[in-house]
1. Scan (1) open to solvent by 10 Å² or more (accessible area, probe 1.4 Å); (2) modelled with pLDDT of 95 or more for the single condition V316 breaks and write down its number.
2. For region 5-49, enumerate the residues that are out of contact with any Leu (no Cβ under 9 Å at 6 or more places or on another chain), hydroxyl-bearing (S, T, Y) and either loosely packed, with under 14 Cβ neighbours inside 10 Å or part of a loop (DSSP other than H, G, I, E, B) (or both).
3. Given the criteria among the hydroxyl-bearing types (S, T, Y) and under 29 Å from L260 (Cβ atoms), does T4 qualify?
4. Can you tell me how many residues within region 254-310 are on the phi > 0 side of the Ramachandran plot and over 19 Å from the mean Cα position of the chain (by Cα)?
5. If only one of A293, A307 is at pLDDT 95 or above and surrounded by 17 or more Cβ atoms within 10 Å (Cβ to Cβ), which one is it?
6. Pairs please, first residue from region 269-288 and of a type in the set (S, T, N, Q), second anywhere and surrounded by 17 or more Cβ atoms within 10 Å (Cβ to Cβ) and in a helix (DSSP H, G or I), Cβ atoms under 9 Å, 6+ apart in sequence or on different chains.
7. So which residues in region 137-156 are open to solvent by 50 Å² or more (accessible area, probe 1.4 Å) and either outside any strand (DSSP E or B) or over 25 Å from G25 (Cα atoms) (or both)?
8. Under the condition of being over 29 Å from S320 (Cβ atoms) and part of a helix (DSSP H, G or I), which residue from region 162-210 is least open to solvent (accessible area, probe 1.4 Å)?
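The values are calculated or read from the model by the stated rules, or taken from the named source; none is laboratory data. Quantities reported herein were computed from a predicted structural model and do not represent experimental measurements. Cβ placement follows ideal geometry from the backbone for every residue including glycine, while neighbour counts extend to all protein chains displayed. When the accessible area is computed, the model is the full protein with side chains, heavy atoms only, and any ligands, DNA or RNA have been set aside. Shrake-Rupley method; radii C 1.70, N 1.55, O 1.52, S 1.80 Å.
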Amino acid sequence: MKFTEISHPSPTPDAEREAAIADPGFGKVHTDHMVVIDYDTAKGGWHKATIGPREPIALDPAASVLHYAQEIFEGMKAFTHEHGGLAMFRPEQNARRFNASARRMAMPEIPEELFLEAVKLLVKKDADWMPQVEGGSLYIRPFMFASEAFLGVRPATQYKFVVILVSSGNYFKGGVNPVKIWVSQDYVRAAPGGTGAAKTGGNYAASLVPQAEAIANGCDQVVFLDAVEHKWVEELGGMNLFFIRRDGSVITPPLTGTILPGITRDSLIAMLREEGLEVREEPYSITQWREEAESGELLETLACGTAAVVTPVGTVASPSGEFTIGSGGIGQMAQKMREKLIGVQVGRVEDQHGWVMRV
């Protein structure tokens, strides 16, 4: 598909851009351009691909997304590569997960090649927005929503696929430090048969009240238990979990349809096995978590995701009390896996799996 380029009438001045990306934080410094591709069943599907100025999107008040929440998104990053240019980490997996989300939300799939072309085109266009700070990246947000104007419960026939970029530093303020997490007692993230494995906004909206509860109790993040027995650890609001045990085994909750299949999660499974550890995808209860932490059988708990990469969990709190993982600090495996994963992404560590795509 040919992309039509629309000239930007007033791109950000160089000095203003450099000041913005000197300390960008996370999620606030937007680049100049965006990609938009339209879908219309009556017009044969995907058509009218453009790359142009980042600007507001006009929506009819009856647009389906505003009433029936047909919306999905992805989160990925581009990095400055040690050997020159920019690179992305396993973007084809984001394309495949995007389409898996689309299928669950009764939305059209986008060809993987078109997804990747759109992302690469925008990264090249706004490469000057790459922050040259520790942990700096271009955070890439592809998303799709139902734009057809109608009131009625059925899949829409018109959609927009959009890609925007954000100049980003570290996800957590103050860099990498152990996080304290709150065990949600009254809320669940997803239920069997629901949309837990899809990357759709509603899942994150449902996490906001328990996340606020976590913050009110002095915690950084919330961890959810299963919806049926309320005993099995699932995931954080936006990160998967790994439990590093003294016997050389590692447990991560299984993908049973209620957990997002994280790309960082999949990468860590491979990397931990390369370290000689036995990684098992099996249920892990909140009781087991506490007992193994208190006995010393559990050495570390790792949280992982695109934005936060690998982050150690230091303390787990709930209304019944709290417990500490190991010494409560940054564990050896958390540090090693974080450095190795980032090393592969930016070219400091050999990419043995073919995970890096140069832009």
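1. Of (1) open to solvent by 10 Å² or more (accessible area, probe 1.4 Å); (2) modelled with pLDDT of 95 or more, only one is false for V316: (1).
2. S7, S10, T12, T41
3. Working: among the hydroxyl-bearing types (S, T, Y): yes; under 29 Å from L260 (Cβ atoms): no.
Considered against the rule, which asks whether it is among the hydroxyl-bearing types (S, T, Y) and under 29 Å from L260 (Cβ atoms), T4 comes out as no.
4. 2
5. On the way: A307 fails: at pLDDT 95 or above.
After ruling out the rest, the residue left standing is A293.
6. Matching pairs, first to second residue: none at all.
7. Quick first cut of region 137-156, residues open to solvent by 50 Å² or more (accessible area, probe 1.4 Å) only: 141, 149, 151, 153-155.
Selection gives A149, L151, V153, R154, P155.
8. G201
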